[in-house]
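Novice: Okay, here's the structure, questions in a sec.
Just so you know, all these numbers are worked out from the coordinates, no wet-lab data involved. A quick note: this is a predicted structure, and the numbers were derived from the prediction, not measured. Please note: Cβ atoms are built from the backbone with ideal geometry, for glycine as well, and neighbour counts cover all protein chains shown.
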Amino acid sequence: MITPSQRYYRNAARKTVPVPEGMDRVVLSIIGRWRRRAGVKRRLRREARKVLKISEQRFKGLDEKELSEEVIRLHGDARRGSLDGGGAREAMACLVIICERVLGMTPYEEQVMGALAIKQGLFAEMATGEGKTLTIALGSLILAWSGYPIHVITVNDYLAERDAESLRNFYRFAGVEVGFVAGKMEPDERREAYTCGVVYTTSQELLADYLRDRLKVGEDQAPSQQLVRQLFSSQLGEGGSGQVMRGIHTVIVDEADSVLIDEAVTPLIISRKHKADDFAECCRVAREIAMSLKAGRDFSIDHARNEIQFRTSGEYQIDRQRHRLSPIWRSPDRREELVRQALVAEEFFLRDSHYTILEGKVEIIDEFTGRLMPGRTWKQGLHQAIEAKEGITSTDPTETLASMSFQRFFRMFRHISGVSGTAREAAGELWTLYRLPVVKIPTHRPCLRHIEPMAVFGSSDLKREAIVNEIEELHQQGRPVLVGTRTVEESEILAEMLKERGVACDVLNAVRHKDEADVVARAGKKGAVTIATNMAGRGTDVKIAGPELEIGGMHVILVDPNFSGRIDRQLMGRTARQGDPGSVRAYLSVDDELITRFLPKFMKKRLKLASMAQSVGYQRLALSCIHHAQKASDRLGANQRKSVLKMDTWVDEHLSFVPESRRM
Amino acid sequence: MAKQEQQMFSDSWHRIAQERVRLSPSVEVTRQVFRGQRWFLLRDPLNNEFYRVSPAAYALIGRLRGDRPLEEVWRECLALYPEDAPGQEEVIQVLSQLYKANLLSSSFAPDSQQLFERYRKGWRKKLRGQALNFLFMQIPIFDPNRFLEVIRPVTRLLFTPLGVLLWLIVVAWGGKTAISNFDALVDQSAGVLAPSNLIYMYLCMVFLKLIHETGHAVACKQFGGEVHKFGVMLMIFTPLPFVDATWSWSFRKKWQRLLVDGAGMGVEFFIASLAALLWANSGDPFVNKLAYNVMFIASVSTLVFNINPLLRFDGYYLFSDYFEIPNLYQRAQNQIRFLAEKYLLGVRAAFSPADSASEAWWLTTYGVAAFCYRIVLLSVITFYVAQSFLGVGLAIAGFCVFMYFIVPVGKFVRYLFTSDRLLRVRRRALAVVAFFLLIAIGLLGYLPAPRSLRASGVISAEERTGVFVNTSGYIAEVHQHSTKTVTKGDLLVVLENSELAMEIASMKSRLDQLRQQVELARQQRYASVLRPLQREFKAAVTYLEELKRQRTELNVLAPHAGIWVAPSSREMVGTWVPRGTEIGQVIDPDSYQFIAVVNQRGAADLFTRKIQRSSVRLRGQAGQEIEVISQDILQADLEKLSTAALAWSAGGDLEVDNKDDSGTTVKEGFYQVTAELDADQIAGMTLYENASGQIRFELQPEPFFAQWWRLFRQVIQKDLNQT
C-alpha cells in the first residue's frame, strides 16, 4: 500500500516555467553568464579539497562497521533535510571512502568537484574519459539519501545496465538500492526497478513510462484533486493502478548535451494500434499521383529545408486525378497535402539512412545516435507515405495517445543536473531552457591525444580508398582502430571493402547491435578494427591494456564530419582517455552530406579546388569549412528546438481548454 | 482566393480527441448572411463575447453537447460532409478561439487554479489594452439596462410611424432654417473656437453625445438587444460619454444593425434641428450662443468624426454593416499584410482573409485608405498633444511617438528578422524592405521639397491722406459717404459753425465803424489819431479775411484723388467736430500694401532661408492670388500690433494679452512684414483698408527630413521657453 503523500508525489510535477522572450531573455542570459563565471569552478575546487581532507582525517581510519554507522547517521540527516554546507561535505567525504573500499578506486579531486556540481544542480563539463560514471554515482548517492526518486539518464540501455550493475555494491554499501530500466522490460520489472533509490535508464524509457503512467491516472489529473478524492473515499487503492514510477523529482543526465539538446527535438509519442481505415490506401494512391509529377516542372524541391512546393501545373495534375482519392481527401488543400507528403517521403527520406526495413516494418534510425528507435513512428501521414513508398501494406495504423517533448519533460523536474564532455557550444541554450549553468571541470591528467592532419578528398571513393589503406597499415602494426561513420550505409560499405582486403572487422550499427558489449570489449585488443556508427560515440569505454598503449594506443578515424561538432569531439574522446596515448584522424570529402547541405556554393567550389590541388593551407580551409557548415547545421537545429518549444507554448495557449495535466 | 493551408492531421489531436467539450449553456447562435454567404454568430449574453464560424465548422460545433468525445463527433462530421468538414488543425483552432472567447465549457471538473489564472490573465490583458489605447480609454460606470427597460414604453414610440414623421418634420424644418440663415451661421463660426467659448462648447458636446449614445442604446434595446455598459471615454483626455451597444452585432437583420449604428446620429440631428429653430428665433444672446454651439458640434463632429468610415465611430459600423463586411478593420489590415507578404516579400503561404473577389477589393481599398488616414491622424494627434499640453505634453507626445511609431516599427523589424512566415524568403524580404527604405530615405532626406510659410496680415495703403477738420463745427451735411472714389476738390463734408458766422458779422460791422472813424479823422486832420486808426483798420481787414477763410474751410474737400474712407460717415451728421480732428482718409488705391505679422519662429525661417516667391490671398477673395513684388521685414521685436485685426481673436496668428483692452498687446514678440503688391493685379480689385488675408512665402526648397527636424526643434524650444 502506498500512503496518500506518496501517491500525491507520484503524480505531482513542477509546472514548467515559460522561456522568456525579448528583453527578459537578454536579462536571463546575462544572469546565466554570471552563473557560469570562473568563480564557481574555484569554489568547487576548494570544496573538493576540503572533502578529500575530511575523508582522509575522519573516515579513513574507520572499520567497516563504524563506516556503516556513519552512513546510517548521514542518511538520516539527509532525510531530515540538514545536509547543507558542512553536512554535505561530510557526506561526500564518507562516500569517497566507501568508494575506495568497495570499488578500490579513490575518486580524484576533479571527480569530487563533478559530484558536488551535480549536488548543486549544475552542468559539469568533464572531458571524455575522466570517469564520469563514478562522478555521477557519487552525486546521485548524496541526492538519493534525501529519499526523493533519483533518475540517472544514460544514452542507451546497454550503458544503463552496465553502470547500474557495476556500481551495485557501491550503492548497496551506502544504503541505497540501485536499479535500471531497459527497453525490453515488462511493466512489473519496471515497477520493481523504479522502487530503487537510484534508477539508471534512458530518456526515452523514462518519458515513455511517465506518459504511460499519466494515461493510467484517470479522470482527476491534478494531484490535489486526486488526493482529496482519495481522502474522502473509502477505497484507497483505486485510481492510478498499474503505474510504475514513484514520480519525478531529480534527474541527473549523463551526456546531457545529447539528451537535452540533440534528442530533445523529436517528441516522444505513446501510441496504440487502431483499426485500419482507407487512409493507407489513400496514401498509396497519393504516391501514384506523386510519381506522375515531374520535379522542376510540377514542383520544386528545397533541399536545405526539406520542403516541396507545387507549381501551377502540378496543382492542375493533382486536381485532375483527385477522383481517385476518397472524398475526404478531395478538397484542394487536403489532396495537395497528401501528395506533398508522398513527395517528401520520396525525396528526403532515404532508406538505411533515415530508416530501415525490419521484418516488414519501417524502423526509424536516430540521426544523432545512429540507433534504431523501435516502435517509433513519424507523424500521421508521413509514416504512411513512407510505407507506401516501400510498398509495405501498413497493417496496423497507429494512433497517438500521448506525446511530450523531452524539452518539456526535463523542465518538469525539480532538480536537474547534467554531465557531459561537450557542452561549451550549448551553454547558452542549456541555461535558458533548463536553467543549467555549465561549469567546466579541469582534466585530471594532461591529455595525450594526438590529432593528425585532416585528409581532404575530391570524392567519397577516393576518401574510402585512403581510409582503408590507413586501417590496413595500422592493423598490421597491431594498433586497435575505431572507425566512426555517420550512416549505417557507410559503415557497411567500409566493412565490405575491408573484407575484400582480408582485414577482419567488427561492425556496430543500427542493424547489427546484438552483441554490442562484446564488440566494445574486443575493440581495444591488439589489431582490432571496429566500424561503428555514432552509437559508439557516447559513453562507450574501450579498455586498452598495456602492450597496445606502448605502440600508441587506439586510433580513431572520423569517416565524415557530423552535423554537430560536439558529436565529432565525442568520437575523438573514445581514445586517449585518462591520460593514455591515442590518435585521431578526420577525413573529409567534398561530397559529404554536411558539406553539400550546409556549405554555400562558392565555398564548396573553393574546397574542391583546394582538395584537388592539395595546395598549401587547404587543411585550414577544410577545417573552417567544416566549422562553418557545422555552425549552420547547429543553427538549423537550434531553430528546430525553438519550434519544438514554440509548439509546447502553442499547446499551452491553444489547448488551454484541456486540463494541463492531460495536455501531453 | 488563397486560403490558409490547414493540415488534415494535427500532432496535437490526441490531446483533445477524448475531451467532451460543449458550447457554454448560455451561448446563443444567430444565423447571419454576409455577401450571400451564411455564417453563424455565437454569442454569450453573460459576457457579451462573440465568435463567427463558417457553416462547416458550425456543423461540428453544433454537435458538441458534452456527451461524446470530440473524436467521435469529428468522425461523424467527416462521414457526413467529407469535403467540407474541418480538418483536425482547424477544429483545434476554432475550439481554442471559442475557449478564449469564453464560449466553450468542458464536462470535467475544472482545475480551479487554472480558472483563476485564466481570469487573472484576462484581466491583465484588458488592463494592458486600455493602457495601450490610452488616448481612447473607456471607463464603464453603470449598467443602464434596467433604466432603458423602464423608459422603453416611451422610447418605443420613436420607432412608430408617428415618431419617424415627427423626426422628419423637425429635421426638415431645422435644416431649412439653417440653410436660409447660412450666411449668419458662417459669420458666427469665427468666434466658436475662441478660448472663452471652449467651455460652453465642451458642455454642449457632453450633452449632445449623451443624447447620441442614448440613441444607440435605445435603438439596440428596441430590437431586443441589451446594453450593459455606460461610462466615460477619455478621448484624448477629454471625458465623453459612451455606451456599449455591441449586442446589436448579433441582430439577424441587416437593417436593424444599420439602424442601431445610425441612431446616434439620427438623434443628434434631431436635437441640432431643434437648436437651429431656437437659434433663429431667440433674442437672448446666451441661449443663442448655446444653440449655436449645439448646431456646430452636431454638424462638424458628424462630418469630421462620426460619418467618417476610416475612424472607428458610427460611420465605420454603418459602412461595415451596409457592405456586409464584418470585422472590417482587422480584416482590411490582414488583407494589406497579405498583399505585402505575397507580392512584395514573396511569401507563398500567405492567405487572404477575403471570402470573395469583391470583398478583397473592398478590404484592400479600405485598408489602404485607413492606413494612410491613420498615419496622418496619429501624426496630427501627436503633434497637437505636444503643442497643447506644455511640459507634460512633451512626455505624452514622446509616449505617443513610442506607441504609434517606434513600437510598430520595432514589431516590424522583429517580424522581418525572426518571423517563421519569412523563413524561406527572408533574404528577398530584407532586400525589398531595404530597397523601399533607401528610396524613402533618398526622397525624404535628399530631394529638396518645396517649403512655404504662411502668415496672417492686413491690407494697408502706404499713401493716404488724413482729412482733417480745420475749423471746428457741427457736421451739417455729408456729401460723399465712405468708400466712394473722389477726385481732388470734391466736397466731402459741410460743417456749420454759427459762432464763426456771428463773428464775421460783428467783424464786418466793426470794420464799417472803423472806416467811418478813419474818414472822420482824415477830414478833421487829426494826424495823431489817423495812424493808429488806419493800423487798426488794416488788422480788422486781415482778421475778417481769416474768418472768411475759416468759413470756406467748413466745406471739407478731398485733398487728392482716391478713395474716401470715413468709417463713421453715416453717423457723423450733427456731431461737433473740434478743429484738428481727422474725420476720414483719402487713400491712394495704387499704394496698397500687405502688412503681415510673423512670430519669432517664422521670422527665423524668413531670415535664414531665401524667399523665392511670395503671394497674398485675401479672405473672401481667396481665389485671387496677388503676387508680391518685394517685402520688407521689420527686424525689431515689436510688442504692439498696429491693428487689432491681426490678433488671434480676429483670425490672426498671434495670441493677445487679455489684460490690454485695445487688443493689440501681444504675448509674444513678433516681426512685421510689409509686402508691396503687384500694382497691375490689384488695379482690378476692390480692396479695403484692413481687409485680412494671408501671405505665403515660398522658401528655398529643402528636404523633408531637414524641415521636420526644424519643426521638431521649434516645438521643443517653444515648450521649453514657456515652462
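Novice: Rounded to the nearest 20 Debye, what is the dipole magnitude of chain B about its Cα centre when Lys and Arg each give +1 and Asp and Glu each give -1 at the C-beta?
Specialist: Working: 77 positive and 69 negative charges, 447 e Å.
Approximately 2140 debye in magnitude.
Novice: Next question. Mind checking the mean number of beta-carbon atoms from other chains within 10 Å of the Cβ atoms in A:331-338?
Specialist: Other-chain Cβ atoms within 10 Å of each residue's Cβ, averaged: 4.
Novice: Taking each residue of A:650-657 in turn, how many C-beta atoms of other protein chains fall within 10 Å of its C-beta, and what is the average?
Specialist: The mean count of partner-chain Cβ atoms within 10 Å per residue comes to 6.
Novice: On a 0 to 90° scale, report how tilted helix B:426-445 is relative to the longest principal axis of chain B, with both axes built from alpha carbons and the result rounded to the nearest 10.
Specialist: 0 degrees
Novice: State the dimensionless ratio Rg/Rh of the range A:540-657 (Rg: radius of gyration of Cα atoms; Rh: Kirkwood radius). Could you put the intermediate results ahead of the total?
Specialist: Working: Rg = 19.7 Å, Rh = 17.1 Å.
Rounded to two decimals, Rg over Rh is 1.16.
Novice: So, with +1 on the Cβ of K and R and -1 on the Cβ of D and E, and no other charges, what is the size of the charge dipole of the range B:115-236 about its Cα centre, to the nearest 20 debye? Spell out each step's value before the answer.
Specialist: Values: 14 positive and 7 negative charges, 181 e Å.
Using only the charged Cβ atoms, the result is roughly 880 debye.
Novice: Okay, next question. For chain B, what is the calculated [θ] at 222 nm in deg cm²/dmol (nearest 500), taking -39500 (n - 2.57) for each run of four or more DSSP H residues and dividing by its residue count?
Specialist: Working: 22 runs with 348 residues, N = 723.
After summing the helix terms and dividing by the residues of chain B, the value is -16000 deg cm²/dmol.
Novice: So if we plug the beta-carbon distance of B:Phe417 and B:Leu444 into 1/(1 + (r/R0)^6) with R0 = 30 Å, what FRET efficiency do we get, rounded to 0.05?
Specialist: Values: r = 24 Å, r/R0 = 0.79.
Step by step, r from the Cβ atoms, then E = 0.80.
Novice: For chain A, what size does the Cα cloud have along each of its three principal axes, sorted from largest down, in whole Å?
Specialist: 83, 73, 50
Novice: What percent antiparallel are the DSSP beta bridges of the protein assembly as shown, to the nearest 5? Numbers along the way, then the final one.
Specialist: On the way: 105 of 156 bridges.
Bridges in the protein assembly as shown that DSSP calls antiparallel: roughly 65 percent.
Novice: When every alpha-carbon pair in the protein assembly as shown is counted, what percent end up more than 59 Å apart?
Specialist: Working: 418789 of 961191 pairs.
I get 44 percent for the Cα pairs in the protein assembly as shown exceeding 59 Å.
Novice: May I pose another question? Using +1 at the Cβ of each Lys and Arg and -1 at the Cβ of each Asp and Glu in the protein assembly as shown, identify which of B:Val467, B:Tyr58, B:Leu157 lies farthest towards the dipole's positive end.
Specialist: Result: B:Tyr58, furthest along the dipole toward the positive end.
Novice: Could you list which residues have their amide H under 5 Å from that of B:Ala566, counting only those 5 or more apart in sequence or on another chain, with H placed in the peptide plane?
Specialist: Here B:Ser482, B:Thr483, B:Gln585 satisfy the definition.
Novice: A follow-up question, please. Give the cross-link partners of A:Lys361 among the aspartates and glutamates, using a straight C-alpha distance below 20 Å as the criterion and excluding same-chain residues fewer than 8 apart.
Specialist: A:Asp277, A:Asp278, A:Glu281, A:Glu346, A:Glu347, A:Asp352, A:Glu387, A:Glu390, A:Asp396, A:Glu399, A:Glu489
Novice: At a Cα cut-off below 28 Å, give the lysines reachable from A:Lys525, other chains included and same-chain residues fewer than 8 away excluded.
Specialist: A:Lys132, A:Lys463, A:Lys499, A:Lys514, A:Lys543
Novice: Give me the tail of P(r) for the range A:312-444 as a percent: Cα-Cα pairs with distance above 18 Å.
Specialist: Working: 6077 of 8778 pairs.
The calculated P(r) of the range A:312-444 puts 69 percent of pairs beyond 18 Å.
Novice: Related question: List every residue whose amide H lies under 5 Å from the amide H of B:His479, counting only residues 5 or more places away in sequence or on a different chain, with H placed 1.01 Å from N in the peptide plane.
Specialist: Correct list: B:Val493, B:Val494.
Novice: Let me ask something additional. Need one number: nm distance between label points at A:Gln57 and B:Leu80, each 7 Å from Cα along Cα→Cβ, rounded to one decimal.
Specialist: It is 8.2 nm.
Novice: Return the average number of partner chain Cβ atoms within 10 angstrom of each residue Cβ along peptide B:10-21.
Specialist: Numbers: counts 3, 8, 9, 3, 10, 11, 7, 3, 3, 5, 0, 2.
Mean partner-chain Cβ count within 10 Å for B:10-21: 5.
Novice: Can you compute the helix-only [θ] at 222 nm over chain A? Use -39500 (n - 2.57) per DSSP H run of at least 4 residues, normalise by all residues, nearest 500 deg cm²/dmol. Walk me through the numbers on the way to the answer.
Specialist: Details: 26 runs with 314 residues, N = 664.
After summing the helix terms and dividing by the residues of chain A, the value is -14500 deg cm²/dmol.
Novice: Here's a follow-up. If I fit a long axis through the Cα atoms of helix B:161-180 and take the longest principal axis of the Cα atoms of chain B, what angle between them do I get, 0 to 90°, rounded to 10?
Specialist: Once rounded, one gets 30 degrees.
Novice: Highest mean first, what order results for B:217-228, B:335-346 on Cβ atoms within 10 Å?
Specialist: Details: B:217-228: 21.8, B:335-346: 17.8.
Taking the mean over residues of other Cβ atoms within 10 Å, the ranking is B:217-228, B:335-346.
Novice: What lysines could a cross-link reach from A:Lys294, if we take a straight Cα to Cα line under 27 Å and drop same-chain neighbours fewer than 8 places away?
Specialist: A:Lys379, A:Lys389, A:Lys601, B:Lys3, B:Lys342
Novice: By how many degrees, between 0 and 90 and to the nearest 10, does the Cα long axis of helix B:112-132 differ from the longest principal axis of chain B?
Specialist: Rounded to the nearest ten degrees, it is 20.
Novice: Mind giving me the nanometre distance, one decimal, between the label points for A:Lys601 and B:Ser189, set 7 Å out from Cα along Cα→Cβ?
Specialist: That separation, rounded to one decimal, is 6.5 nm.
Novice: Holding the Cα-Cα limit at 18 Å, pick out from A:Lys119/A:Lys440; B:Lys209/B:Lys229; B:Lys100/B:Lys126; B:Lys209/B:Lys253 the pairs that are longer than that.
Specialist: Details: A:Lys119/A:Lys440 15 Å; B:Lys209/B:Lys229 15 Å; B:Lys100/B:Lys126 13 Å; B:Lys209/B:Lys253 26 Å.
The pairs that break the limit, which is 18 Å between Cα atoms, are B:Lys209/B:Lys253.
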